[in-house]
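Just so it is clear, none of the values below were taken in a lab; they were calculated from the coordinates. Model, not experiment: these values are computed from the prediction. Please note: Cβ atoms are built from the backbone with ideal geometry, for glycine as well, and neighbour counts cover all protein chains shown.
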DNA sequence: CGCGATTAAATCGTGTACGATAAATATACC
DNA sequence: GGTATATTTATCGTACACGATTTAATCGCG
């Protein structure tokens, strides 16, 4: 019954019965929870993620940022331009290799870090789950993500 | 302890340490896995979700579909128009109450159901997790989603 | 019966996301 | 040293996704 799901009781499951929809709809619910808090910082959630990475690793290249966030340059370039226009960062071609564009936080960009500290804990609290359980979930999701990306590559 | 974690309890966590990013990036990885399969059906993932619901509950109103998918009419209206232009469904105002728009599958729309049956099992397989574990994860995510939406309402 | 309140869907503006492609630069190999 | 190739980012087209607003229809209540 492993291979072919055993004959044709292979009915389609409803959305609520599907793991994938759980991830999809929870992601939206998380974003909805984040939004009012991030609005105060003038950031969207993907922008907040980019800032999180840059606060730890300033001067990263666009591609390196993309590797950490699993996002393409076609997503990051306009996102970073918006952050640049807000004065949170600057983009500059590497002197050594002009193909690279490095992203440097400005003073305002670094200053925002303090105000962002309260965001994540508030979200965690709103999930109603304890940190240990969330951490287990996080590790399982990352394992799934890893397996999926590996499978995508093999079929890509 | 690579950087300066564990020092102050109010430090910002890196993206990979955050549960929310796990959901966010896993959602993208799932979509990447779905895409080639859904391309064969001429559907995007949100379109596939809408079809999943309609295959079970034909004739739903736009709002009812949105309740089940946790999506707004501003998202669904253009999505449904695209499915309509592909000849998979038709939209018609309710005779009883012309504010409602009901969505009816066409013959082609219903026929697509057979071809869609193989999609979900392939994704499940690619996660590398057994169905029972995924089911546990699914329930936990739904509980989190429920708690988040409740918290959003109270603050909204 | 009439008109304000409510409801449902559509519209509008902003911001992701991705794949495909292009453009610019750097490397490699002859 | 010059051309083929590879790498990195940017651009383009399509499709979500949401909040705010608008439009249209119905309801409620005097």
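Hey, among the residues in the stretch A:110-156 that are within 19 Å of the chain's Cα centre (by Cα) and outside any helix (DSSP H, G or I), which one's farthest from residue B:15 (Cα to Cα)? Filtering the stretch A:110-156 for residues that are within 19 Å of the chain's Cα centre (by Cα) and outside any helix (DSSP H, G or I), the one farthest from residue B:15 (Cα to Cα) comes out as A:118.
Name the residues in the stretch B:39-51 that are away from chain A (no Cβ under 11 Å) and either crowded, with 19+ Cβ neighbours inside 10 Å or in contact with a strand residue (DSSP E or B) (Cβ under 9 Å, 6 or more places away or on another chain) (or both), would you?
The first filter runs over the stretch B:39-51 and keeps only residues away from chain A (no Cβ under 11 Å), leaving B:39-44, B:47.
Matches in the stretch B:39-51: B:43 only.
Among the residues of the stretch A:94-109, which ones are outside any loop (DSSP other than H, G, I, E, B) and surrounded by 12 or more Cβ atoms within 10 Å (Cβ to Cβ)? A:101, A:102, A:103, A:104, A:105, A:109, listed by residue number.
Quick check on residue A:107: is it within 12 Å of DNA strand D (Cβ to nearest atom), more than 30 Å from residue A:149 (Cα to Cα) and over 14 Å from the mean Cα position of the chain (by Cα)? No: the conditions fail for residue A:107.
Exactly one residue out of B:65, B:80, B:71, B:54 is buried (at least 18 other Cβ atoms within 10 Å of the Cβ), touching a residue at least 24 places away in the same chain (Cβ under 8 Å), within 16 Å of the chain's Cα centre (by Cα) and part of a loop (DSSP other than H, G, I, E, B), and it is B:71. Selection over the stretch B:61-104 of residues that are within 14 Å of chain A (Cβ to nearest Cβ), more than 12 Å from residue B:50 (Cβ to Cβ) and more than 8 Å from DNA strand D (Cβ to nearest atom) gives a count of 1.
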